[in-house]
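Heads up: the structure comes next, in C-alpha cells.
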Amino acid sequence: MYNFTILLSLSNNSFAHSSANIIQDLLKLERLQEDLAERCGGQPTFAQWAAVAGVDSKTLRKRLNYGRFCKDKMIKSNIRLVISIAKNYQGSGMNLQDLVQVHSHPFDFYLNN
C-alpha cells in the first residue's frame, strides 16, 4: 500500500510541500478554535478566534480560506493518483471502489489529524 510520503512525492512536489505547510497551519487554527470553545464553554466568535491566533479577522479568514483551498486541491490530486494506481490492480479480486478506499485512507487520516 502507498503511504502519504510516496503519494506526495508522486504529485507536484513543490505544490505538495507548500500545501502541506498551509494545511498544517489550517489544522493548527482549527485546533485553536476547538481549544477556545472548550475554555469558553461554547463556540467563540470569529473576532475572539482571530485574537487568540494573534491576527486580525481578515488575515484569519484569508489563512482559513487558503488552507481549505489547498486541502481540497491536495485531496482531489490524491484521488486522481489513487484511482490511476488502483486501476492497475483491478481484477485482483477487489472492485475499483474498494481499492480506492483502501489506498485513500492513510492520506485522509493525515489531513484530518
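Quick one: net charge of Gln33's neighbours, Cβ under 15 Å, K/R +1, D/E -1? That works out to +1. Here the gap between Ala37 and Asp56, fully extended at 0.36 nm per residue and compared with their Cα-Cα distance, gives a gain of 5.0 nm. Its residue count N fixes a reference of 2.2 N^0.38 Å for the stretch 17-95, and the Cα radius of gyration divided by that reference is 1.56.
Close amide H pairs (under 5 Å, H built 1.01 Å from N) link Met94 with no residue at least 5 positions away or on another chain.
Every read-out reported here was derived from the displayed coordinates using simple, explicitly stated rules and does not represent laboratory data. Computed from a predicted structure; not experimentally measured. A quick note on method: Cβ atoms are made from the backbone with ideal geometry, for glycine too, and the neighbour counts reach across all protein chains shown.
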